[in-house]
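Taking it in order: structure first as structure tokens, then the write-up.
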Amino acid sequence: MNDYLIVASAIFCIGALGVLTRKNLIIIFMSLELMFNAANLGFVAVSDYLHLINGDIFVIFVMVVAAAEAAVALGIAIAFFREKGTIDIDKANELKY
Amino acid sequence: MEILFYVFSFIAIFSALMVVTMRNPLTSALYLILCFFAIAGFYIILNMQFLAVMQILVYAGAIMVLVVLVIMLLNLSDIKSFKSNLHQVFIGILISVIMFAEIFFYISKGIQKKPVGIFTHALIKKIGNTQIIGEFLFTKYIFPFEIASILLFVAIIGAYLFAKKKF
């Protein structure tokens, strides 16, 4: 189980790195998906080790939330692009002033 | 199984690194699909074939098609040329490396609990993982299941409202 958790945490940290450093909205969204997948892998590995099934059920719900989040986030990306003509997140500063 | 685990973990971590470092969004989308397939391989090793199929259908089949479609709709030549702040990149790398080190030490120091459930590999193979997941999903977890359908409905309306011309 430890090996799976280490791989999952490595993928999670890479996803966090993507969220922290990139400027592109689409790539930030894809890094979020990467973090979701790392969490799913951790759930499945732990519930396999503990001989439980609850983690596997939870993975299905995480997939549902990820699909809903994908639809809404890409809608936001399209609306933002229509407003600004770019998807650089540094341009999203209208609430600042 | 050991060799398969190392192959899949190498593919997953390599393609995850490529996702966050590539400049072209389309290339990183393709690497993300590769990463999803490697994680589906992990699920097959862990005896959850149903989840592996769901992973490929939902993530690689639905979500990534949506992402690639949006990349196609937006102007790619405009998107490519963002440059990141070097200071921000340095701090981000520092944060994620320290976070990984902390999780690594936490996992390696911890005491492993004994298995508590009854669903061993032999029982899952005997009943079938799809049947077990279906029984749990429609009896014990029926309320979250219904809530998930409402969430998907709200997401459809939200995506439509955001992508509309005028609010």
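The values are calculated or read from the model by the stated rules, or taken from the named source; none is laboratory data. Keep in mind that what you see is a predicted model, and the values were worked out from it rather than measured. Heads up, the Cβs are rebuilt from the backbone with ideal geometry, glycines too, and the neighbour counts pull from every protein chain shown. SASA here: full protein model, heavy atoms, side chains in, ligands and nucleic acids out. Shrake-Rupley method; radii C 1.70, N 1.55, O 1.52, S 1.80 Å.
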Worksheet item: From the list A:I57, A:I76, which one is open to solvent by 40 Å² or more (accessible area, probe 1.4 Å), in a helix (DSSP H, G or I) and either under 30 Å from B:I157 (Cα atoms) or among the acidic types (D, E) (or both)?
Response: A:I76
Discussion item. If A:G85 meets every condition in (1) at pLDDT below 90; (2) under 20 Å from B:L26 (Cβ atoms); (3) more than 8 Å from chain B (Cβ to nearest Cβ) apart from one, which number is that one?
Written reply: (3)
Worksheet item: Given the structure, is B:Q112 open to solvent by 30 Å² or more (accessible area, probe 1.4 Å) and among the polar types (S, T, N, Q)?
Response: yes
Item to complete: Among residues belonging to segment A:27-36 that are of a type in the set (A, V, I, L, M) and crowded, with 22+ Cβ neighbours inside 10 Å, point out the one that is farthest from the chain's Cα centre (by Cα).
Response: A:I27
Discussion item. Only one of A:A45, A:A39 is open to solvent by less than 30 Å² (accessible area, probe 1.4 Å) and within 17 Å of B:I107 (Cβ to Cβ). Can you tell me which?
Written reply: A:A45
Item to complete: Please enumerate the residues belonging to segment B:21-40 that are open to solvent by 10 Å² or more (accessible area, probe 1.4 Å) and touching a helix residue (DSSP H, G or I) at 6+ places or on another chain (Cβ under 7 Å).
Response: B:M22, B:L26, B:Y31, B:I33, B:L34, B:F37
Practice prompt. Pick out, from segment B:94-167, the helices (runs of 4 or more DSSP H) lying fully within it that include 1 or more residues that are facing chain A (nearest Cβ under 8 Å) and without any contact (Cβ under 8 Å) to a residue 40 or more places away in the chain.
Written response: B:129-138, B:142-163
Worksheet item: Considering segment A:5-28 alone, what residues qualify as being touching a residue at least 24 places away in the same chain (Cβ under 8 Å) and either of a type in the set (V, I, T) or more than 7 Å from every other protein chain (Cβ to nearest Cβ) (or both)?
Response: A:V7, A:A8, A:I11, A:F12, A:L25, A:I26, A:I28
